[in-house]
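Report on one structure; see the data block that follows.
The values are calculated or read from the model by the stated rules, or taken from the named source; none is laboratory data. These numbers come from a predicted model, not from an experiment. All Cβ positions, even for glycine, are placed from backbone atoms using ideal geometry, and neighbour counts span all protein chains on display.
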Amino acid sequence: MSAVTNDSRKRGKKRYGGGHHNKKWKGSRELEVGMQGILITCNMNERKCTAEAFNLLNEYADELYGPEKLQDNNGSSSDEEEADEEDVDVALKKEVAQLQTSGAKQERRFQALDSGANNVIFIKTQNLESDKLVHHILSDLHSTKKKKSRVILRMLPVTGTCKAFQDDMVKYLTTFLEPWFKTPNCATYQIAFKARNSSHNKRDEIIKAIAGSLVGKLNPKNKVDLTNPELTVIVEVIKAVCCISVVKDYTLYRKYNVQEVVKEDIPKPDVTAAKTESNTAEEEEEKKHEGEETNEEEKKGEEDGDKNVPQDNNDVDKGEGDGE
């Protein structure tokens, strides 16, 4: 009997999500084509990363867009209290009417979804510009140097998604990139590509297709700059979904890494200035050396000149006579 009991307990744990194997939310939604949001990478602890992400995003979203106003399917809290006092049939009719007027269940401003890759979470956004929000966060962290997260690494906005096949990506990006790169708009740019759990997309091929076939044709004045580009085209492939965005200050904000952006900037040695100072010192030394050589030559010249000076008039007369 004990063996049967243990087997039933094991089956129960597997069935109801017990044990350590069920790390992710069962029944959670996944990243899909057509969504917008924010890809957030972390270091091993996805649950803590999600909690930090919600705190950080809500803090800055409140600054940009104001506090989130929620109203569930039953209406406001006061409506719920009144419904408790009303007849059950009346309450049900009221709920049905509210559902019909709203048309659908109201979604939260931020929703955590399964990204499809380890150490990566996807926060779906609703009614806000994810690129603007992420840039605002990084700008503040960069200026204040105040660390506000422990496990979040990078925050990458996702303003467009499509199927992760090269033909689909090129077709989608042809229209998607127009606001930034189509004539008369132009900019220096780079392409940041990464693929997770996807082996059919080759980095060099994708970058070549985007840079040559798309950005270059939208405006020949668009130029690649891998050092300090004005814009960066982010292409993140996870399984069968391609996440895309165009961002500013990608280099300045340390590739949108919230851990690196709060570190103090270490000034790079001024190679030009150092070279100039070195050249100046060398020039001074050369001048000094040349001056010493000149003085020695002049001194020697004076001594030689003294030897060549006629000693008396007889020598002069004799010399002139020989010349005739």
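Within this structure, residue 113 passes the test of being farther than 18 Å from residue 248 by Cα and either exposed (fewer than 15 other Cβ atoms within 10 Å of the Cβ) or modelled with pLDDT of 95 or more (or both).
For region 129-165, the tally of residues that are assigned to a loop (DSSP other than H, G, I, E, B) and within 26 Å of residue 45 (Cβ to Cβ) stands at 7. In the set 171, 221, 208, only one residue is in a loop (DSSP other than H, G, I, E, B) and farther than 23 Å from residue 132 by Cβ; that residue is 221. For region 179-198, the set of residues classified as under 22 Å from the mean Cα position of the chain (by Cα) and over 23 Å from residue 226 (Cβ atoms) consists of 197, 198, listed by residue number.
Does residue 215 satisfy being part of a helix (DSSP H, G or I) and surrounded by fewer than 18 Cβ atoms within 10 Å (Cβ to Cβ)? No.
Within region 178-200, can you find the residues that are surrounded by fewer than 17 Cβ atoms within 10 Å (Cβ to Cβ) and of a type in the set (S, T, N, Q)? The answer is 183, 185, 188, 197, 199.
If you go through region 104-157 and keep only what is of a type in the set (Val, Ile, Thr) and out of contact with any Pro (no Cβ under 9 Å at 6 or more places or on another chain), you end up with 120, 121, 123, 137, 144, 151, 152. Checked against (1) over 12 Å from the mean Cα position of the chain (by Cα); (2) part of a loop (DSSP other than H, G, I, E, B); (3) hydrophobic (A, V, I, L, M, F, W, C), residue 261 passes all but a single condition, namely (1). Restricting attention to region 135-151, the residues being of a type outside the set (D, E, K, R), within 15 Å of residue 263 (Cβ to Cβ) and surrounded by 12 or more Cβ atoms within 10 Å (Cβ to Cβ) number 4.
Let's see how each residue does on (1) closer than 20 Å to residue 130 by Cβ; (2) at pLDDT 95 or above; (3) assigned to a helix (DSSP H, G or I):
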residue: 200; (1), (2), (3): no, no, no
residue: 234; (1), (2), (3): yes, yes, no
residue: 243; (1), (2), (3): yes, yes, no
residue: 252; (1), (2), (3): yes, yes, no
residue: 266; (1), (2), (3): no, no, no
residue: 272; (1), (2), (3): no, no, yes
residue: 280; (1), (2), (3): no, no, yes
residue: 285; (1), (2), (3): no, no, yes
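Remark: pairs (first residue in region 134-151, among the aliphatic types (A, V, I, L, M); second residue surrounded by fewer than 16 Cβ atoms within 10 Å (Cβ to Cβ) and in a helix (DSSP H, G or I); Cβ separation under 9 Å; 6+ apart in sequence or on different chains) = 137/59; 151/48.
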